[in-house]
Amino acid sequence: MPRQNETALIIGAGLQGCSIALFLARAGWNVTLLDKNVAGRHASSVNAGGLRTLMRDWREYPLSELAMEHWRHLDRLVGAIAAESCEVRLGVGQIAVALDEAEMSWTLGRVQEMERRGLGTEELLSATEVRKMLPGLTDQALGGLVSRGDGHANPAASTRAFRQAAMAAGAKIVENCRVLGLERLPGGGWSVASSSGRYEVGMLVNCAGAWGAQVAAMAGQTLPLKVVAPSMMVTARAQPFLEPVVIGIDRPLSFKQSAVGSLVIGGGILGKPCADHDTSFTVMDRMPEGAAATLEAFPALAHVPVLRTWTGLEGATPDGIPVIGPGEGTPDLWHVFGFCGHGFQLSPAVGDVVGRSLVSGTVDPLLAPFSGRRFDAGDAA
Amino acid sequence: MSINAPLPDADVIIVGCGPSGMAAAVELAEAGCSVIVLDMQPTPGGQIFRNLEANLCDTSLAGQSLLAALGPAYRAGADLIQRFRACSRIDYRPQTTVWEVRPDGTVGWLQGMNVGYVRGRQVLLAHGAMERPVPFPGWTLPGVMTAGAVQTLLKAGHLKPSGRIVLAGTGPLLLLLANQLHQLGVKPALVGRTDRLSDSVRAMRHLRPGGLVLLVKGLGWLGRLKLAGVKSVTGLENLAADGAQSVESVSFTVGGKRQTLPCDLLIVHDGIVPAIDIPNAAGLRLQWDGPNASWRPATTPDGLGASTLPPEMSAGPCVLRVTGDARKIGGADAAMAHGRVAAQAILAALDHGAGPSAEALRAVDKALSVRPFLDAAFPPGLAQDLPDDDTIVCRCEELTAGDLRAKIRSGFRNMDALRGETRCGMGPCQGRNCMVTAARLLQDETRAAGCLPTFRGRPPIRPIPLGAVARLSGLAPRATIRLTLEDKPENASEDTVDAPAE
């Protein structure tokens, strides 16, 4: 048994950390969050804010659906006023467009696959339907997939809302605090050396995002993680013409029109991460691919000016889904990181399910696909 | 140099074709260097010699009177422009906007719908100055213009303002423009200066022999305006513009008394400051110039900048120099003198010489020796006090000083966090107009010491059409290696339904 029962230290006060803190604190745990910077400084606040079940890896799907349930009733988690500030817009839909035979073929396969697994609410769209839903879409579009319940939210506001709610539930947040070393205590639990002193806790949760593997290494555990810097382009304001979020299948395409009319273009184009300097840079040399993909889908946008670009730091695993679960032989050290650029939507469910698992002492079956064990020798992709 | 690094397109790339850029280009080309000059305008000259070639050729009566009004300082650029045009080694690219500069000498450019990167073994930033942004109540109303904008319309558009005109602010340009307007038959209703007699008295301590000419010139302008019966006040404070759809009146305080004047055009000017958007986005170290309430790039005397980027982002030494008003406000003569110094330093860096000559360095010192006098005589006025809560600071996103103060007080205590939260600086100007006020508000609330922080500048610092981005040329092969997040889910039945992988 952990020496200090029901005390948790969470390393990294991003959205996942704050969400777990919220659920644990509500369950009566004594929770402290440490952040080397300020809460939500990186991927949590600067992602595109997509609330998407569409095209999720099937292993993530149940978690994603649970998360959607939480987003729909966000006021229950963070309070009515904070929930309002998060600008949750569900029901505008997310649509994947198939622009060539290979993408259409993948789309058909996806529908069969999801049906076979009994998952999801993705609907196949014909060429006519997809063009009707997306004015300005190229005549070459062959069809698509839609998740009508999907949408988006404001990531910075959401991170803030979860942070506030966690604090209101009793969690403590220590910012500008760097973890220097982890030491397992003989009877279980951890001693954590940090720039603001030593903490002794029963349960340690590594929510360090792009720095997740570094923190794991402090406990002698090796997990594969690449630090990436997904980047975006933002255009000048255009006449509102697009409500759903549009994503590509093989193309680096992902964009939506913001409330003020500007187009936010992502698609997974990567900038240059400088994790040691706590920052990242956009690389314009890589933007042509994203711009070309956007124009291939929406040819009329050629003259819309790109005003700015941005990027943030994120951790990516080799197989595109996160690590969520206890470390090898350490039921009192959990890893929750490596969301590969699509963890924003999952966060309320991550808090819920991880919290539930820690409180009950058993790993929830929803988390089975995310065990770090899948990267053990022989298994890795 | 690594195998994959693209070859340089020229020995030197110069950004900007004003006095300093042209002087440097000529010096470099005459020494045998290949030079690419990128400039936003259609013809050489920068702001001060804008459209000079065409205006010199205009023999019409209106053309001649415009030339006469613009005066000898305008015509003085003709010789340099001619020498610039005569250099065959200069690859001059007008109407070209620079949207990124990297410490390694890579420069992003846009011309129409064409866009790309060029590379220089050395790069000289000669992009000049901008007028100090002055947020005051009503500054975003149609009918409020800056003195520089009015001059642009005079020089390039041959447009004269009409109606009831008020000029407000400080600095030589304000008085020069008032005189030019008067000479063109436009009589301003008022020249309201924020500077005071006490500033002039204090300035006399800084007067050097070189400044006497300017002093005489300035007194001449004042004398002529007085003779013409143009009303003039000093010590103007609390300027405000009022009107429904456009300016209808201006109000201000002089000597403790509030006054209101009917007005159709309010021309404001609060001095000029180095344009720092390119140096800031290039990651060059900036310094804060307190008395001038502005940033400037931190450079060596010959203009070499210092990169603040982490080593991963800027391999090799920084090859960026800054010259002219972009480095330090000094006017055309100082800009030409420093352009030559920077060119000589670049030649030395390219193994073509011993560095700036003593004579060239002396010329810079001499031209800059009048600055302390001018700085003391015309201290920042309209922008001296921070704006009231109701005044718009970021006009792209329509944010007031009160909006920003509230967010700063609620915990957004660094520039990037403040930008992310409020969208201040995210519009088409990318913070060119609001950044200094946002930084001063932040400093005022946090009492932080040291150089005022800037927004992180990311490319593009000027808008690029999406269609042009799609056709970006001159890419670095290493940088374009396909890098995207690969997170498309695999279908288990993929091998049977999918086309074979490419």
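The values are calculated or read from the model by the stated rules, or taken from the named source; none is laboratory data. What you are looking at is a predicted structure, and each value in this text was computed from that prediction instead of being measured. No Cβ is skipped: glycine too gets one built from the backbone with ideal geometry, and neighbour counts run over all protein chains shown.
General remarks:
- Residue, farthest from A:Ala80 (Cα to Cα), within the stretch A:143-175, restricted to residues that are part of a loop (DSSP other than H, G, I, E, B) and hydrophobic (A, V, I, L, M, F, W, C): A:Ala171
- Which listed residue, of A:Val215, A:Val246, is more than 8 Å from chain B (Cβ to nearest Cβ), at pLDDT 95 or above and assigned to a strand (DSSP E or B): A:Val246
- Every listed requirement among (1) among the basic types (Lys, Arg); (2) part of a strand (DSSP E or B); (3) surrounded by 20 or more Cβ atoms within 10 Å (Cβ to Cβ) is met by A:Arg198 save one, (3).
- Condition check for B:Tyr92: of a type in the set (Ser, Thr, Tyr) and surrounded by 22 or more Cβ atoms within 10 Å (Cβ to Cβ): no
- Residues that are surrounded by fewer than 20 Cβ atoms within 10 Å (Cβ to Cβ), more than 13 Å from B:Met415 (Cα to Cα) and touching a residue at least 12 places away in the same chain (Cβ under 8 Å), drawn from the stretch B:445-462: B:Gly450, B:Arg458
Results for (1) closer than 30 Å to A:Leu263 by Cα; (2) out of contact with any Phe, Trp or Tyr (no Cβ under 8 Å at 6 or more places or on another chain); (3) crowded, with 23+ Cβ neighbours inside 10 Å, shown as yes or no for each residue.
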| residue | (1), (2), (3) |
| --- | --- |
| A:Ile324 | no, no, yes |
| A:Glu328 | no, yes, no |
| A:Phe339 | yes, yes, yes |
| A:Gly343 | yes, yes, yes |
| A:Ser347 | yes, no, yes |
| A:Gly351 | no, no, yes |
| A:Val363 | no, yes, no |
| A:Ala368 | no, yes, no |
| A:Phe375 | no, yes, no |
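- Screening the stretch A:249-267 for residues that are assigned to a strand (DSSP E or B) and at the interface with chain B (Cβ under 10 Å from one of its Cβ atoms) and picking the one that is farthest from A:Leu307 (Cα to Cα) gives A:Ser254.
- Filtered residues of the stretch B:26-60 (kept if surrounded by 17 or more Cβ atoms within 10 Å (Cβ to Cβ) and either outside the structural domain of B:Arg83 (by TED's automatic domain parsing) or among the β-branched types (Val, Ile, Thr) (or both)): B:Val26, B:Val35, B:Ile36, B:Val37, B:Thr43, B:Ile48
- Residue in the stretch A:318-331 that is modelled with pLDDT under 95 and in contact with a Cys (Cβ under 6 Å, 6 or more places away or on another chain) present: yes
- Residues that are small (Gly, Ala, Ser) and either on the phi > 0 side of the Ramachandran plot or at pLDDT 95 or above (or both), drawn from the stretch B:385-419: B:Ala401, B:Gly402, B:Ala406, B:Gly411
- Residue count for the stretch B:408-444, restricted to those that are away from chain A (no Cβ under 12 Å), of a type in the set (D, E, K, R) and free of Cβ contacts under 8 Å to residues at least 40 places away in the same chain: 1
- A:Gln112 passes every criterion in (1) assigned to a helix (DSSP H, G or I); (2) touching a helix residue (DSSP H, G or I) at 6+ places or on another chain (Cβ under 7 Å) apart from (2).
- Scope the stretch A:344-375; condition within 17 Å of A:Ile10 (Cβ to Cβ) and among the hydroxyl-bearing types (Ser, Thr, Tyr); matching residues: A:Ser347, A:Ser357
- Matching entry among B:Pro274, B:Pro172 (being within 30 Å of B:Met313 (Cβ to Cβ) and surrounded by 18 or more Cβ atoms within 10 Å (Cβ to Cβ)): B:Pro274
- Within the stretch B:293-317, the only residue that satisfies the criterion of being surrounded by fewer than 18 Cβ atoms within 10 Å (Cβ to Cβ), away from every other protein chain (no Cβ under 14 Å) and over 22 Å from B:Pro356 (Cα atoms) is B:Gly316.
- Test: residue in the stretch A:116-138 that is part of a helix (DSSP H, G or I), modelled with pLDDT under 95, of a type outside the set (S, T, N, Q) and surrounded by fewer than 22 Cβ atoms within 10 Å (Cβ to Cβ): yes
- Scanning the stretch A:110-160 for residues that are within 14 Å of another protein chain (Cβ to nearest Cβ) and among the acidic types (Asp, Glu), we see that the one that is farthest from A:Met68 (Cα to Cα) is A:Glu113.
- Within the stretch A:268-296, considering residues that are surrounded by fewer than 22 Cβ atoms within 10 Å (Cβ to Cβ) and small (Gly, Ala, Ser), the one nearest to the other protein chains (Cβ to nearest Cβ): A:Ala292
- Residues being out of contact with any Lys or Arg (no Cβ under 7 Å at 6 or more places or on another chain) and within 28 Å of A:Met55 (Cα to Cα) - total across the stretch A:343-364: 15
A quick yes/no check of all residues on (1) of a type in the set (Ser, Thr, Tyr); (2) within 27 Å of A:Arg89 (Cβ to Cβ); (3) within 14 Å of another protein chain (Cβ to nearest Cβ):
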{"position": "A:Leu333", "(1), (2), (3)": "no, no, no"}
{"position": "A:Val353", "(1), (2), (3)": "no, yes, no"}
{"position": "A:Thr362", "(1), (2), (3)": "yes, no, no"}
{"position": "A:Ser371", "(1), (2), (3)": "yes, no, no"}
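- Among residues of the stretch A:90-109 being more than 16 Å from A:Arg148 (Cβ to Cβ) and assigned to a loop (DSSP other than H, G, I, E, B), the one that is nearest to the other protein chains (Cβ to nearest Cβ) is A:Asp100.
- Criterion applied to A:Arg76, A:Arg72 was being at pLDDT 95 or above and within 27 Å of A:Leu242 (Cα to Cα), and the one residue passing it is A:Arg72.
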